[in-house]
Amino acid sequence: MADKRKFYIDGAWVDPASPRDLEVIDPTTEEAVAVISVGGQADTDRAVAAAKAAFPGWSQTPPAERLAHVERILAIYQRRNDDIGDAMTAEMGAPTDMSREDQAGSGSFHIETFINEFRDFQFIRPLGDHAPTSMVAWEPIGVVGLITPWNWPMNQVTLKVIPAILAGNTVVLKPSEIAPLSSMVFAEVLDEAGLPPGVFNLVNGDGAGVGTQLSTHPDVDMISFTGSTRAGIAITKAAADTVKKVALELGGKGANIVFADADDKAVTRGTRHVFYNSGQSCNAPTRMLVERPAYEAAIETAKAVAEATAVGSARDPGQHIGPVVSKQQWDKIQSLIQTGIDEGARLVAGGPGLPEGVNRGYFVRPTVFADVTSDMTIARQEIFGPVLAIMPFDSEDEALRIANDTIYGLTNYVQTADGARRNRLARQLKSGMVEMNGTSRGRGSAFGGVKASGRAREGGVWGIEEFMDSKQISGWDGEAE
């Protein structure tokens, strides 16, 4: 079992102030693969003090110098891609191929995108031709606490750490205590890249401990959090007394509106998206709304996809799905599947219990429900497992009403050959993102939602500006530049 008890503070790996061990469990085997330390107030204070001391110097470094550091980070990250991927396989159960290519690969993608966006970033911009001496300056916020989840570890770590340090902030990262190992490899990457001491710090811990300590710390100027809506609300309240900036990327319950004229692969595509990463993605299209003439055919297609989706060890190569992250998560998903049955949804595929032939590991059967109504628990609550809820609609207005009937507002999806209809729905759906006909959002597009999904914007130029304050200046002397 790997010993990962140290924290990364002020440019060095250090022992915790008071030892408090926590085992990291491999969800494939239910066995411990590493032991970490759970930080306390003294560790948080030490990391924040290091970040605070480093901020004046780092914030004043030329942008080109900060960019050069991140370019070195990218090169080292790419060299260690498989180490990072294998850590995620062990800690949260992403299958090896998916973990190395998609989970770890998402980190490289985001770092590259931020590098490209930062090259053209204007730190001082004219307000407009109508006000020639008025300028808008973009400046770093200060010490930033970053709290990241277990479902897409490197996706979220790079979406926060990289733009924060490019903007000139110093950071303290608290990764999920369930899946901390990849973040510790990431810390090794940043250490090798030669960041000045204190610019990046990592303290492991839980939400009630280090998470709350960062959220309430008077020397932390901003909290960026990705996780559950419940935890996001608690963080916002905890941060209020110190008037921090709080950026939240929270849960989702995306609707996938499939019209009868959708392409032949729309249902297959949407169902696979729900099962991808064992259903542990906040932007998964977990509610499939199907126009009545295509409804029964869609159910049969979704059933076939579920039955063809292999479930197996995260250590094996291939395109199967692995376990969910923990026993707690497995129990929650099982309870919600049973609730779907009890409330009258039609179970089409999967269901409660372990997949056939499996006797250990937190594996969930790919599950499809039909005849779901909007008042059912499985239509309203984020399940975070490979569970799809299908419901019919008879008109565009009804589909829009059902889609928007949720506290969440992260990603919605539309499948139709009618371009005018797509455009109408894209503007009327209450979400931060809308993806249509299987077309991915372009590189540099921001990720984020509305309502109970939080209102952070991560990625692209918006993701850099999220970690900055704008300053409005009048009387600027353009001749003095």
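What residues have an amide H closer than 5 Å to that of Val348, excluding those fewer than 5 places away on the same chain, when H is modeled at 1.01 Å from N in the peptide plane?
Val368, Phe369, Ala370
Let me have the 222 nm mean residue ellipticity of the chain computed from DSSP H runs of 4+ only, each contributing -39500 (n - 2.57), with the sum over all residues rounded to the nearest 500.
Using -39500 (n - 2.57) per qualifying helix, the result is -11500 deg cm²/dmol.
Could you work out how far helix 181-193 tilts from the main Cα principal axis of the chain, as a 0 to 90 degree angle to the nearest 10?
Compared with the principal axis, the helix lies near 30 degrees.
Any idea how far apart Glu356 and Ala53 come out in nm if each label point goes 7 Å out from Cα toward Cβ?
So the label points at Glu356 and Ala53 sit 6.2 nm apart.
Find the relative contact order for region 208-259 and round it to a whole percent, using C-alpha pairs within less than 8 Å whose residues are 6+ positions apart.
The value is 39 percent.
Tell me, Leu400, Leu248, Leu127 in order of fewest to most beta-carbon neighbours within 10 Å? Each step should come with its number before you reach the end.
Values: Leu400 20, Leu248 23, Leu127 15.
Least crowded to most crowded, the residues run Leu127, Leu400, Leu248.
Given 0.36 nm per residue, what is the gain on full extension from Ile124 to Ile233 after removing their alpha carbon distance, in nm?
Full-extension gain reported as 35.8 nm.
Run the numbers for Ala304 and Thr133: contour at 0.36 nm per residue of separation, minus the present Cα-Cα distance, in nm.
The span from Ala304 to Thr133 would gain 55.1 nm if fully extended.
Pairs of Cα atoms under 8 Å, at least six residues apart: use those to get the relative contact order of the chain, whole percent.
About 18 percent, as a whole number.
List the lysines whose Cα sits under 20 Å from the Cα of Lys303, skipping any in the same chain fewer than 8 residues away.
Partners within reach: Lys265.
In nm, to one decimal, how far is the Gln41 label point from the Arg401 one, both placed 7 Å along Cα→Cβ?
The answer from the label model is 5.4 nm.
With 31 Å as the limit, write out which pairs from Lys52/Lys237; Lys174/Lys332; Lys253/Lys471; Lys245/Lys430; Lys245/Lys327; Lys160/Lys237 have Cα-Cα distances beyond it, or answer none. Spell out each step's value before the answer.
Numbers: Lys52/Lys237 23 Å; Lys174/Lys332 24 Å; Lys253/Lys471 36 Å; Lys245/Lys430 24 Å; Lys245/Lys327 34 Å; Lys160/Lys237 21 Å.
Going by Cα-Cα distance, Lys253/Lys471; Lys245/Lys327 fall outside the 31 Å limit.
Could you point to the label whose value was computed as Rg and Dmax of the Cα atoms in Å for the structure here, given (1) 22.9, 76; (2) 22.5, 67; (3) 24.6, 79?
Recomputing Rg and Dmax of the Cα atoms in Å here gives the entry labelled (1).
How large is log10 of I(q)/I(0) for region 381-456 at q = 0.12 Å⁻¹ when the intensity is taken from the Debye formula with one equal scatterer per alpha-carbon?
One equal scatterer on each Cα of region 381-456 leads to -0.36.
May I ask you to derive the relative contact order of region 255-442, considering only C-alpha pairs under 8 Å and at least 6 residues apart, and to give it as an integer percent? List each step's numbers first, then the result.
Working: 349 pairs, mean separation 52.2, N = 188.
Worked out over region 255-442, it gives 28 percent.
Under a plain spin-label model, where a point goes 7 Å from the Cα along Cα-to-Cβ, how far apart in nm are Asp469 and Glu31?
5.2
In 5 Å bins starting at 0, how do the alpha-carbon pair distances of region 255-442 split up by percent?
All Cα pairs considered, the percentages come to 1, 8, 18, 22, 20, 15, 9, 5, 1, 0, 0.
Peptides 360-368, 428-436, 260-268, 14-22: what's the order by average Cβ count within 10 Å, highest mean first?
Output ranking for 360-368, 428-436, 260-268, 14-22: 360-368, 428-436, 260-268, 14-22.
Once you have the Cα-Cα distance between Asp331 and Ala12, take 0.36 nm times their residue separation minus that, and quote the gain in nm to one decimal.
Difference between extended and current length: 111.0 nm.
For Lys451, go through the aspartates and glutamates and keep the ones whose alpha-carbon is under 16 Å away, minus same-chain ones fewer than eight residues off.
List returned: Glu249, Glu382, Asp405.
Values in this text are rule-based calculations from the coordinates and carry no lab data. Keep in mind the model is a prediction, meaning the values are calculated, not measured. Please note: Cβ atoms are built from the backbone with ideal geometry, for glycine as well, and neighbour counts cover all protein chains shown.
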